[in-house]
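The block underneath contains the structure these notes are about, expressed in structure tokens.
Just so you know, all these numbers are worked out from the coordinates, no wet-lab data involved. Predicted model, so just to flag it, every value in this text is computed and none were measured. Every residue, glycine among them, receives a Cβ derived from its backbone with ideal geometry; neighbour counts consider all protein chains shown.
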Amino acid sequence: MDKKVTVYWRPGCGFCARLFQSLGAAAIAYDRVNIWEDSAAADFVRSVSRGNETVPTVTVGEVALVNPSVADLQQALA
């Protein structure tokens, strides 16, 4: 079974923009969730990042990664 990749992000986040670019270059499919438009998503991000809205936060299947590199995501996908 393939693991779904979801990127939790917000507008104006340079780290998010860099991750989106890197994911595209690595041909990794993902969904985007804007935490400023989805309060449940913002709650989730706070739950895995010590109460902060740290983005990008990424889920790979059931695993949550805060501000991961593409290498971290590739390892989680393996």
**Request:** State, as an integer percentage, the relative contact order of segment 5-77 based on alpha-carbon contacts under 8 Å between residues 6 or more apart.
**Result:** 36
**Prompt:** Which percent of Cα pairs goes in each bin when the distances of segment 5-77 are cut into 10 angstrom slices starting at zero?
**Reply:** 21, 59, 19, 0
**Karplus-derived 3J(HN,Hα), 6.51/-1.76/1.60, for each residue of segment 25-31, Hz, glycine and proline x** = 5, 8, 6, 9, 6, 7, 9
**Request:** Work out the length of the dipole vector of the chain about its Cα centre, built from +1 on the beta-carbon of each Lys and Arg and -1 on the beta-carbon of each Asp and Glu, and round it to the nearest 20 debye.
**Result:** 160
**Farthest positive-ward along the chain dipole, Cα basis, beta-carbon charges - from CYS16, SER39, ALA29** = CYS16
**Asked** Per-residue HN-Hα couplings for segment 61-67, Karplus 6.51 cos²θ - 1.76 cosθ + 1.60 at θ = phi - 60°, whole Hz, x for Gly and Pro?
**Response** x, 9, 8, 9, 10, 9, 6
**Message:** Explain nothing, just compute: Karplus ³J(HN,Hα) = 6.51 cos²θ - 1.76 cosθ + 1.60, θ = phi - 60°, for every residue of segment 36-49 in order, whole Hz, x for Gly and Pro.
**Reply:** 7, 10, 9, 5, 5, 5, 4, 4, 4, 4, 4, 5, 10, 10
